[in-house]
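What follows is a short report on a single structure.
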């Protein structure tokens, strides 16, 4: 009987505290990330100009890495593509 009781016992859970680091904070805080705030896609341009060549696209709600922020244009990386997007169409952690 006593062995049946031991088999039915559940092991206790061991919990180790995790110390938060700056790296963990930046991963969860959208630091240097932007989300395409558009209904279809956001054009990535070769230069920071409306008439510059389109070199890529970010789908709606796609996440890109922000490399530099300007007044209007942001230099971003999306996959293998680096280029410029109009910052009006990006949601950031500051929004």
Practice prompt. Mind counting the residues in segment 78-95 that are surrounded by 13 or more Cβ atoms within 10 Å (Cβ to Cβ) and either more than 16 Å from the chain's Cα centre (by Cα) or under 18 Å from residue 38 (Cβ atoms) (or both)?
Written response: 11
Discussion item. Looking at segment 9-22, can you tell me whether even one residue there is out of contact with any helix residue (DSSP H, G or I) (no Cβ under 6 Å at 6 or more places or on another chain) and either surrounded by 10 or more Cβ atoms within 10 Å (Cβ to Cβ) or at pLDDT 95 or above (or both)?
Written reply: no
Response to the item:
Here the qualifying pairs (Cβ atoms under 7 Å; residues six or more apart or on different chains; first in segment 38-56 and on the phi < 0 side of the Ramachandran plot and at pLDDT 95 or above; second surrounded by fewer than 12 Cβ atoms within 10 Å (Cβ to Cβ) and outside any strand (DSSP E or B)) come out as 45/53; 46/53; 48/70
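The values are calculated or read from the model by the stated rules, or taken from the named source; none is laboratory data. Computed from a predicted structure; not experimentally measured. So basically every Cβ, Gly included, is an ideal-geometry build from the backbone, and we count neighbours across all protein chains shown.
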